[in-house]
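Let me give you the structure first, and then I'll get to my questions.
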Amino acid sequence: MKDDYIHKGKRRQLVAMMREKGIKDERVLNAMNAVPRHLFLDSSFLEHAYQNKAFPIGADQTISHPYTVAFQSELLRVKSSDRVLEIGTGSGYQCAVLLEMGAHVYTIERQNELYKKTNLLFRKLQYRPKRYVFGDGYKGLPEDAPFDSIIVTCGAPDIPQTLLRQLKIGGRMVIPVGDDSQIMTLLVRESATEFSKKTFGEFRFVPFLEGKQ
C-alpha cells in the first residue's frame with residue numbers, strides 16, 4: 001500500500017489536468033490530490049493510474065475517469081458534514097474523494113465481490129463511510145434519509161423516484177441518465193413536490209442495475 005513521492009507528483013499533474021479541463025472547486029481538487037488513486041486499481045494498471053482513463057475493477061465494473069469523478073463531485077457542491085448518498089461504491093475512489101471533502105457518505109454496492117474487496121480496502125486506507133451497504137441502489141437508504149445530496153455512479157435508464165424522495169429540500173442529485181451513453185443530469189429539490197433539472201452533456205457509465213447479486 002505504498003504512496004511515494006512519484007505517486008504524489010503524478011497526482012499533482014492530474015490535478016493540474018483537471019484545472020485545465022475546467023474544474024474550479026478547490027475542495028474537489030484538494031481531495032483528488034489527497035486520494036491515492038493507484039491503490040484503488042488492480043496492480044496491472046498501476047502505471048496508468050493518474051491518466052484520465054477508466055479501468056476495469058472486476059465484476060464487469062469500472063473505476064470512472066478522474067474527470068468524471070471531479071465533474072460529478074463539483075456539481076454536488078458538497079459542504080463539510082453534508083450527508084451524501086452514493087449509489088454504486090465500485091472501487092471506492094469516488095467515496096474516498098467525498099470523504100476527503102468532509103462529507104458523511106452513505107454508500108451502496110450491489111456486487112458482492114466488489115463490496116467485500118472495497119470494504120477491505122477502506123479498512124486498510126482508513127476511509128470510513130458513515131454506512132457502507134451491500135444492497136439495491138434503486139431502493140436507496142430511506143431509513144437514513146433525507147440526504148443533502150445523492151450521487152449515482154452508474155448509467156440509469158430513467159431517474160428513480162425512490163431516490164428523489166430521499167433528497168432534502170434544497171438538496172442536489174447528480175445522475176447520468178440514458179441507455180447506451182448517458183447525459184449527466186443535475187436535479188435540485190425546490191420543494192416537497194418540485195424539482196429543477198439541468199443537463200451537462202454526454203458521459204459513459206456502466207448500467208444502473210436493480211437488485212443485488
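Any read-out appearing in this document is the output of simple, stated calculations on the displayed coordinates, not a laboratory observation. It should be emphasised that the depicted structure is a prediction, and the values quoted were computed from it without experimental measurement. Glycine also receives a Cβ, built like all others from the backbone with ideal geometry; neighbour counts cover every protein chain displayed.
For region 1-71, what mean projected area does the convex hull of the alpha carbons give, in nm²?
4.6 nm²
Please compute P(r) over all alpha-carbon pairs of region 90-144, binned at 5 Å starting from zero, and give each bin as a whole-number percent.
Bin by bin from 0 Å, the calculated values are 4, 20, 32, 25, 15, 3.
Still on this structure: Report, for the chain, the % of DSSP beta bridges that are antiparallel, rounded to 5.
Of those bridges, close to 45 percent are antiparallel.
Please give the length that would be gained between LEU120 and GLU143 if that part of the chain were fully extended, namely 0.36 nm times their separation in residues minus their C-alpha to C-alpha distance (nm, one decimal).
Between LEU120 and GLU143, full extension yields 5.8 nm more.
How long is the gain from LEU164 to SER80 if the chain were fully straight, where each residue apart is worth 0.36 nm and the alpha carbon distance is subtracted?
28.0 nm
What does the convex hull of the alpha-carbon atoms of region 133-213 project to on average, in nm²?
Taking a quarter of the hull surface, the average projection is 5.2 nm².
I would also like to ask the following. Could you give the distance between the Cα centres of region 153-213 and region 68-98, to the whole Å?
Region 153-213 and region 68-98 have Cα centres separated by 14 Å.
If you don't mind, there's one more thing I want to ask. Can you check what the Kirkwood hydrodynamic radius comes to for region 44-88, Cα pairs only, in Å to one decimal?
About 12.4 Å, per the Kirkwood formula over Cα pairs.
Per q in 0.14, 0.15 1/Å, what log10 I(q)/I(0) does a Debye calculation on the alpha-carbon atoms of the chain return?
So the normalised log intensities work out to -0.79, -0.91.
Could I have the simple spin-label model distance between SER196 and ARG128, label points 7 Å from Cα toward Cβ, reported in nm to one decimal?
The two pseudo-label positions are separated by 3.7 nm.
What whole-number volume per residue, in cubic angstrom, does the convex hull of the C-alpha atoms of region 42-119 give?
Numbers: hull volume 7.0 nm³, N = 78.
That works out to 89 Å³ per residue.
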